[in-house]
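The values are calculated or read from the model by the stated rules, or taken from the named source; none is laboratory data. Quick caveat, the model's predicted, so the values are computed rather than measured. When we count neighbours, we look across all protein chains shown, and the Cβ atoms used for this are built from the backbone with ideal geometry, even at glycine.
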Amino acid sequence: MSPSTLARRNLAFTLIELLVVIAIIAILAGMLLPALSQAKSKGKQAACMNNMKQMGIGFFLYVDDNEDRYPGHWRQPGSGANSLQSDAIVWPGRLLTVMGAGFKSFNCPSEKPKFWWNNTNAVAGREFPWNLRAASSCFTYGYNDWGVAEFTRSETAVTLGLGGDIKSQADYIKTSSVVAPSDMIGVADAQADCVWDTAVDPADPGTFQTPAKEWPSRRHSLGSNILLMDGHVEHDRQMDLVSKDVNMRKRWNNDNLPH
């Protein structure tokens with residue numbers, strides 16, 4: 001066998017080996033990349049849960065400073081002496097005033113940055129943190145304002161949730177009205193689309209294919225992180241959170257009844 005023939009055979013063998021190595025790398029990459037992506041997603045979900053725990057601390061500090069009243073969702077126009085808060089979504093700003101964690105705790109890292117709250121943009125002349133407007137501001141977390149029925153009273157409170165439209169002191173929900181804090185949802189991941197992102201309403205009509213705009217999000221493994229009013233955080237599937245199951249419905253209501 002001539003030296004040139006031997007060299008060609010060695011070259012061919014080397015190319016085959018290279019192709020085999022490339023194929024093995026491609027297979028391993030196909031196996032590892034989904035696992036890495038899942039790990040990254042879980043890391044962001046864990047960071048989101050930590051955000052909610054910070055909010056939970058904020059709720060405790062806020063009610064302690066405000067006669068045991070929760071902050072409410074939206075301050076109606078012309079109500080109260082503080083004109084900066086009039087016609088503003090107030091719950092994030094009010095919690096922020098007592099939290100040491102900063103406004104980034106109100107931004108879910110799994111959501112696109114364009115939906116994040118920031119301290120630079122003024123809306124309709126309103127400066128941060130009162131720059132969230134009803135029905136039109138982007139946000140990543142929703143406040144349980146009405147429970148499972150809008151404009152419906154419980155036996156001891158003006159709404160079933162933690163306070164919706166605030167016009168006077170009578171519209172605030174007191175901690176004493178929350179019968180089972182460890183079983184009441186206060187905040188959930190919102191479906192960020194800049195339409196009432198700051199609130200969640202689980203009883204709005206919808207389906208898995210066409211979820212209601214104010215349902216909790218399903219950006220974390222088809223579900224949402226939820227803050228309970230004793231300060232602990234859980235995760236649940238979106239369709240379970242909005243189901244008509246009585247044990248789930250009562251978790252949205254301050255009287256712990258399904259309604």
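Here is how the numbers come out for the structure above:
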read-out	value
Any chance residue 161 is of a type outside the set (A, V, I, L, M) and more than 22 Å from residue 76 (Cα to Cα)	no
Some residue of the stretch 79-102 being of a type in the set (Phe, Trp, Tyr) and surrounded by fewer than 19 Cβ atoms within 10 Å (Cβ to Cβ)	no
Condition met for residue 157 (out of contact with any strand residue (DSSP E or B) (no Cβ under 7 Å at 6 or more places or on another chain), farther than 25 Å from residue 51 by Cα and of a type in the set (A, V, I, L, M, F, W, C))	yes
Segments classed as strands (runs of 3 or more DSSP E), wholly inside the stretch 145-259, with at least 2 members that are in contact with a helix residue (DSSP H, G or I) (Cβ under 7 Å, 6 or more places away or on another chain) and farther than 23 Å from residue 63 by Cβ	223-228
Complete set of residues in the stretch 110-135 that are among the small types (Gly, Ala, Ser) and more than 20 Å from residue 200 (Cα to Cα)	122, 124, 125
All positions within the stretch 59-103 that are without any contact (Cβ under 8 Å) to a residue 24 or more places away in the chain and assigned to a helix (DSSP H, G or I)	64
Test: residue in the stretch 156-167 that is touching a residue at least 40 places away in the same chain (Cβ under 8 Å), surrounded by fewer than 15 Cβ atoms within 10 Å (Cβ to Cβ) and among the hydroxyl-bearing types (Ser, Thr, Tyr)	yes
Selection from the stretch 141-155 of residues that are touching a residue at least 60 places away in the same chain (Cβ under 8 Å) and either crowded, with 23+ Cβ neighbours inside 10 Å or β-branched (Val, Ile, Thr) (or both)	141, 142, 143, 144, 145, 147, 148, 152
Residues within the stretch 109-138 that are under 14 Å from the mean Cα position of the chain (by Cα), surrounded by 12 or more Cβ atoms within 10 Å (Cβ to Cβ) and either not small (Gly, Ala, Ser) or not in a loop (DSSP other than H, G, I, E, B) (or both), tallied	6
In the stretch 110-127, the residues that are at pLDDT 80 or above and out of contact with any Phe, Trp or Tyr (no Cβ under 9 Å at 6 or more places or on another chain)	110, 111, 112, 113, 114, 127
Some residue of the stretch 190-200 being small (Gly, Ala, Ser), crowded, with 17+ Cβ neighbours inside 10 Å, out of contact with any Phe, Trp or Tyr (no Cβ under 8 Å at 6 or more places or on another chain) and closer than 19 Å to residue 115 by Cα	no
Any chance residue 105 is within 26 Å of residue 191 (Cα to Cα), small (Gly, Ala, Ser) and either more than 16 Å from the chain's Cα centre (by Cα) or buried (at least 22 other Cβ atoms within 10 Å of the Cβ) (or both)	yes
Exclusive hit being more than 21 Å from residue 95 (Cβ to Cβ) and surrounded by fewer than 17 Cβ atoms within 10 Å (Cβ to Cβ), set 180, 203	180
